[in-house]
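Here, each number is a calculation from the coordinates, and none is a lab measurement. As the structure is a prediction and not an experimental result, all values here were calculated from the model. We place every Cβ from the backbone using ideal geometry, glycine too, and count neighbours over all the protein chains shown.
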Amino acid sequence: MKIYIIAGEASGDIYGAKLIEQLKTASSQPIEFYGIGGEKMSGTGFKSLFDMSEISIMGFAEILPHLGNILDRIYDTIADIYEKQPDIVITIDSPGFTTRIAKRLRFGEDGLEKTLKKILSKKKEREPIVFQPFNGKLVHYVAPTVWAYKPKRAEKFAKLFDHLLVILPFEPPYFEEVGLPCTYIGHPIVETKFPPNGDAFKQKYAIAENETVISVMPGSRKGEVHRLLPVFMEAVRLLARVENPVMVIPTIPSLKEEVEHMVASSKIKAIIVDNDEDKYASYKAASVAIVKSGTGSLEVALAGCPMVIGYKVNYISYRIIKSLVKIKYANLINLILDEEIIPEFLQNFCTPYLISQSVDKILDDYKLKDLQIVRGLEALKIMGLGEPENPSRKAADTILAILRQ
């Protein structure tokens, strides 16, 4: 059995790694895995076609300088799928990249493909591939947020995919009404395991009793780190309630050196961690976290650590997003609860002063801190926390059932 998995960002890499392990456990026959992934998927023995960071780009304006390379990687991926002839292709999130792959596999060449071949045929080391429809199954994991913006994407996905694995309980009707079979599995992040407390982490990194650990999480994309880390570090410096702050900055191995360079001039003690064991332990050691909006915020909530959300993008991307998005909140916990339990500071409001003021307020008010923790866990239960079967196993069972059809 051959399974091709495509993940284009850090969260997808995590979900892909968990899925691979569960597929190995659940399958009665050996599986050959191919595709694109990151360090987590590589840890399962998976060999990525190319470095996932090449397509891990977010934003409308941000993608333009990388468009040529992304088109190149679309070409590479389709050619590899034709060569490997997998029984199923599973695309995980990253719709900007994965839907283009699915479209070309499902329908063959279109206008973009002609342009693509024209560009790439100039490369002497390879011949243009012959585009043709793909006869295997196509499954997408993590639904596009049609409930937030561009609802007609549901119809687009129905034409491209045989099945959709959704991670939020309210998502299936959006796709089932346009004829796309869905399975709600829950959010894979609820499978994350944490140590009982942060004592061992503090001992390992010689954090004194009079020091306050603050988790600083600017994201896993290079562009996000460059935009957000300076803002978050300055927010820590401005804190009035903390005399001896210690910033713990989780990152991925490929960005660790860059993060180290960025914090080198800071007068605040900084600890950079690039592995899951230390990352999850640091959340338990932290008194509060400053977090980029995204999957990391769910991990922090699951660890029982209060937080403040900050995020901003290129101005052009922001104007485009603002014209499309129809939701009140950026953070998933706030969206599910329909209430701003976790403070959000977005775009022009993502400033060191405003973030520091909010963090100080949390540190000064235990009731506010406890409320955020309790309500955060409430939202995570809605996403599958405490269910007898974990989301990754549900995903694996669904995929194997599709292959048996």
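Measure nothing but the geometry: give the 0 to 90° angle between the long axis through the Cα atoms of 391-404 and the longest principal axis through the Cα atoms of the chain, rounded to 10°. Taking Cα atoms only, the helix is inclined about 0 degrees. Over all pairs of distinct alpha carbons, what does the Kirkwood formula give as the hydrodynamic radius of the chain, in Å? It works out to 22.3 Å. 3J(HN,Hα) couplings calculated from phi for the stretch 88-103 with the Karplus curve 6.51 cos²θ - 1.76 cosθ + 1.60 (θ = phi - 60°) are, in sequence order, 8, 10, 10, 9, 10, 6, 6, x, x, 9, 5, 5, 5, 5, 4, 4 Hz; Gly and Pro show x.
The ALA208 and ASP162 beta-carbon pair, evaluated with R₀ = 35 Å, returns a calculated FRET efficiency of approximately 0.05. In this Cβ point-charge picture (+1 for Lys and Arg, -1 for Asp and Glu), the chain has a dipole of about 1080 debye about its Cα centre. Report the local net charge at LYS84: Lys and Arg +1, Asp and Glu -1, summed over other residues whose C-beta lies under 9 Å from its C-beta. My count for the surroundings of LYS84 gives -2.
Mean projected area of the convex hull spanned by the Cα atoms of the stretch 153-284, taken over all viewing directions: 11.0 nm². Taking other Cβ atoms within 10 Å as a rough exposure proxy, SER27, SER293 sort from fewest to most as SER27, SER293. Computed over the stretch 199-382, the P(r) tail beyond 27 angstrom holds 22 percent of alpha carbon pairs. Computed extension gain for ARG404 through PHE107, at 0.36 nm per residue and net of the alpha carbon distance, reaches 104.5 nm. Taken one residue at a time, the phi angles of the stretch 33-45 give Karplus couplings (6.51, -1.76, 1.60, θ = phi - 60°) of 9, 9, x, 10, x, x, 5, 5, 5, 4, x, 8, x Hz. Gly and Pro are set to x. Identify the residues of the stretch 1-16 with backbone N under 13 Å of a label point that sits 7 angstrom from the Cα of GLN29 along the Cα-to-Cβ direction, or state none. The answer is 1-3, whose backbone nitrogens lie closer than 13 Å to the label point. From its DSSP helices (H runs of at least four residues, each -39,500 (n - 2.57)), the chain gives a residue-normalised ellipticity at 222 nm of -14000 deg cm²/dmol. For the residue pairs LYS84/LYS284; LYS204/LYS312; LYS137/LYS284; LYS202/LYS292, the C-alpha atoms sit more than 32 angstrom apart in LYS84/LYS284; LYS204/LYS312; LYS137/LYS284. Of the beta bridges in the chain, as assigned by DSSP with both residues counted there, near 0 percent are antiparallel.
Derived scalar couplings between HN and Hα for the stretch 236-241 equal 5, 4, 7, 4, 8, 8 Hz in order, rounded to whole Hz, by the Karplus curve 6.51 cos²θ - 1.76 cosθ + 1.60 (θ = phi - 60°), x for Gly and Pro.
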